[in-house]
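The values are calculated or read from the model by the stated rules, or taken from the named source; none is laboratory data. Just so we're clear, the structure is a prediction, and the values are computed from it rather than from any experiment. Every residue, glycine among them, receives a Cβ derived from its backbone with ideal geometry; neighbour counts consider all protein chains shown.
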Amino acid sequence: MPVAGRSKFLLDMGLHFKLGFTIAVLALASLSASSAEVAILRNGFSIRHRRHEPREAVTRLYFVESPSSYVEVPTDQIVRFEVEELPPAQALKPTPPTPSTTLEGIVSAASSSNHVDPDLIMTLIGAESAFNANAVSPRGARGLMQLMPQTASRLGVGDPLDPVANVQGGTRYLRELLDRYHNNLTKALAAYNAGPNRVEQYRGVPPYPETRTYIAKVIGDFNRKKLARVSEHHDSDRTPESNRSSKSEAPIAAPRP
């Protein structure tokens, strides 16, 4: 991955995660009302959500009623909003993850075939390209997961700007790095950003400010997403007895040297 010049890109990104996109059956249940909105984006993706709220240069898309469960999308990237009817019986029915034109479907398929958490994939896409499928960095990294040409070629990705191929290839590369570093997420992210050679050279995270900023952002957003998802799930299922029980532990990824 490119190193020079990426720090400003990371700090200036116009789209920030607060919860993440809904992939599993639990999230389908949260949208089980009679209707939901669908935001149609300029890059061809669509994002299903409960409601939206314009806020100056960005628009917040809320997935559930909680005020903390939203993503911010640059307003000029939204073409229109559509209303989608969601029959309750179908909303709660699980469906196998298959590739689709929605980013949720693409990520779900890549998650299943590579055994990588979909929330982590979505967080990485946000950090890498701000969800722009046509993003090209000054160093030549392309697509949603910013694959360098040589990496894309090795992974068999013919067109890095094709969302399905890019996410499948990027997720497979992330899986390789996680296996290489024995599921040490910090080292895997460092290698994704700065390259495995740099991680080997410094025997850990390279001393590059933008790489350290990148790792902190991805892990921080990933942890917030998991905490919010667990918190909302517990709130929806809470009973008087469960209120007295000890709180559950959330899966947290902590930075490691």
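Mind listing whichever residues of segment 34-54 are of a type in the set (Gly, Ala, Ser), assigned to a strand (DSSP E or B) and more than 16 Å from the chain's Cα centre (by Cα)?
Hits for segment 34-54 are Ser35, Ala36, Ala39.
Which condition number in (1) modelled with pLDDT of 90 or more; (2) charged (D, E, K, R); (3) within 18 Å of the chain's Cα centre (by Cα) is the one that Arg229 fails?
Condition (1) is where Arg229 drops out.
Which numbered condition in (1) within 25 Å of Leu227 (Cα to Cα); (2) at pLDDT 80 or above; (3) surrounded by fewer than 17 Cβ atoms within 10 Å (Cβ to Cβ) is the only one that Arg42 fails?
Result: Arg42 fails condition (1) only.
So Ala130 ticks every box in (1) hydrophobic (A, V, I, L, M, F, W, C); (2) surrounded by fewer than 24 Cβ atoms within 10 Å (Cβ to Cβ); (3) under 13 Å from the mean Cα position of the chain (by Cα); (4) over 13 Å from Asn43 (Cβ atoms) but one. Which box is left unticked?
Exception for Ala130: condition (4).
Taking the criterion of being aromatic (Phe, Trp, Tyr), buried (at least 16 other Cβ atoms within 10 Å of the Cβ), within 18 Å of His115 (Cα to Cα) and without any contact (Cβ under 8 Å) to a residue 60 or more places away in the chain, would at least one residue in segment 174-181 satisfy it?
So far as segment 174-181 goes, yes, one or more of its residues are aromatic (Phe, Trp, Tyr), buried (at least 16 other Cβ atoms within 10 Å of the Cβ), within 18 Å of His115 (Cα to Cα) and without any contact (Cβ under 8 Å) to a residue 60 or more places away in the chain.
Only one residue in Pro149, Pro160 is buried (at least 21 other Cβ atoms within 10 Å of the Cβ), of a type outside the set (A, V, I, L, M) and either in contact with a strand residue (DSSP E or B) (Cβ under 9 Å, 6 or more places away or on another chain) or modelled with pLDDT of 95 or more (or both), so which one is that?
Pro160
Would you please name the residue that is nearest to Gly170 (Cα to Cα), looking only at residues in segment 207-224 that are free of Cβ contacts under 8 Å to residues at least 40 places away in the same chain and among the hydrophobic types (A, V, I, L, M, F, W, C)?
Ile219
Limited to segment 55-64, what total is found for residues that are modelled with pLDDT of 80 or more and not in a strand (DSSP E or B)?
Within segment 55-64, residues that are modelled with pLDDT of 80 or more and not in a strand (DSSP E or B) number 2.
For segment 170-194: of the residues being hydroxyl-bearing (Ser, Thr, Tyr) and farther than 18 Å from Gly204 by Cβ, which is farthest from the chain's Cα centre (by Cα)?
Tyr173
Any residue in segment 188-206 that is without any contact (Cβ under 8 Å) to a residue 24 or more places away in the chain sitting within a Cβ distance under 6 Å of a residue that is hydroxyl-bearing (Ser, Thr, Tyr) and buried (at least 19 other Cβ atoms within 10 Å of the Cβ)? List the pairs, counting only those 6 or more apart or interchain.
Ala188/Tyr181
With segment 94-211 as the region, which helices (runs of 4 or more DSSP H) entirely inside it contain at least 3 residues that are of a type outside the set (Ser, Thr, Tyr) and closer than 30 Å to Arg48 by Cβ?
103-114, 118-129, 163-180, 185-194
Only residues that are in contact (Cβ under 8 Å) with a residue 24 or more places away in the chain and small (Gly, Ala, Ser): list them for segment 109-148, please.
Ala109, Ala110, Ser111, Ser113, Gly126, Ala127, Ala130, Ala133, Ser137, Gly140, Ala141, Gly143, listed by residue number.
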